[in-house]
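Working notes for the structure below.
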Amino acid sequence: MRRAYDEELEQLHRKFYQMGCKVNEAIYKSIKAFVKHDKELAKGVIDEDKEINQFEHDLEQACIELIALQQPVTTDLRKIVTVMKASADLERMGDHAVSISKSTIRVKGNKRNTMIEGMISDAGEKIKKMGEDVLKAYVEYDSEKAVEIAKYDYLVDSLAHDIKEACIAEMKKDPELVLGATDYMMASTYIERIGDYITNISEWIVYFETGEIQELNTHNSYENL
């Protein structure tokens, strides 16, 4: 019985990792499609989101069944809760990849700005690295690594802020850029939100090891208002 139970826990672990890889791929493709104006690639991200949603649904159901049937305690329970909560964050990250892809498809002949698109590409690379690192931290249940990853979210926030500032400055100089710059600003917001969800996953990794829910990188200060 214990061997079968351990195998179910291991299957949860593997499926979460598979979902994470799928989400990271979607994020990478969505940002690449946005910067390269590749509407076919963007459509592919939207179509594949159904698979990410199914991953999240299956993981949630498996977690609920394990809790109901096995009544796990301590470490096992924390492992199940970590998967259930973190998979919901992954699903929302996938939703933001879809939103970026929809922006790519929506753009029709709007004037573009290569400088701002380069900034968005840089932010995308930062998010890609954070996503890969947080999955590795999850696989290894490395809470120290998870805390370090969360600290890097400020870089993504800073890049998103810079993109918005650049958009405003460029719109003032060239009113024809207004429609395109609006999409740039939205894309930067989606990337920023993805960083927040990666921080959430880092928090769940810390929870698994310590049993404590800690808020990482909250930016809660009057200076940030």
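Gain on full extension, evaluated as 0.36 nm per residue between Glu176 and Tyr17 minus their Cα-Cα distance, stands at 52.9 nm.
Counting only Cβ charges, +1 for Lys and Arg and -1 for Asp and Glu, the dipole size of the chain around its Cα centre is about 800 debye. Relative protection proxy for 20-30, 150-160, from highest mean packing down: 20-30, 150-160 (other beta-carbon atoms within 10 angstrom). Cβ-Cβ distance of Met186 and Glu65, R₀ of 45 Å, FRET efficiency by 1/(1 + (r/R0)^6): the value works out to about 0.70.
Calculate, in whole percent, how much of the Cα-Cα pair population of the chain lies beyond 27 Å.
The answer is 38 percent, as a whole percent.
The residues of the chain present an accessible area of 53 Å² per residue when probed at 1.4 Å with all protein chains retained.
Surface composition of segment 61-104: carbon and sulfur atoms hold 52% of the protein heavy-atom accessible area at a 1.4 Å probe.
In this structure, Val139 and Glu215 have a Cβ-Cβ separation that, at R0 = 35 Å, corresponds to a calculated FRET efficiency of about 0.90. Computed over the Cα atoms of segment 116-196, the ratio of the radius of gyration to the Kirkwood radius (Rg/Rh) comes to 1.11.
The values are calculated or read from the model by the stated rules, or taken from the named source; none is laboratory data. The model shown is predicted, which means the values in this text are computed figures rather than measured ones. Counting neighbours? That spans all protein chains shown, and the Cβs are built from the backbone with ideal geometry, glycine included. Heads up: the accessible areas ignore ligands, DNA and RNA and are worked out on the full protein's heavy atoms, side chains in. Shrake-Rupley method; radii C 1.70, N 1.55, O 1.52, S 1.80 Å.
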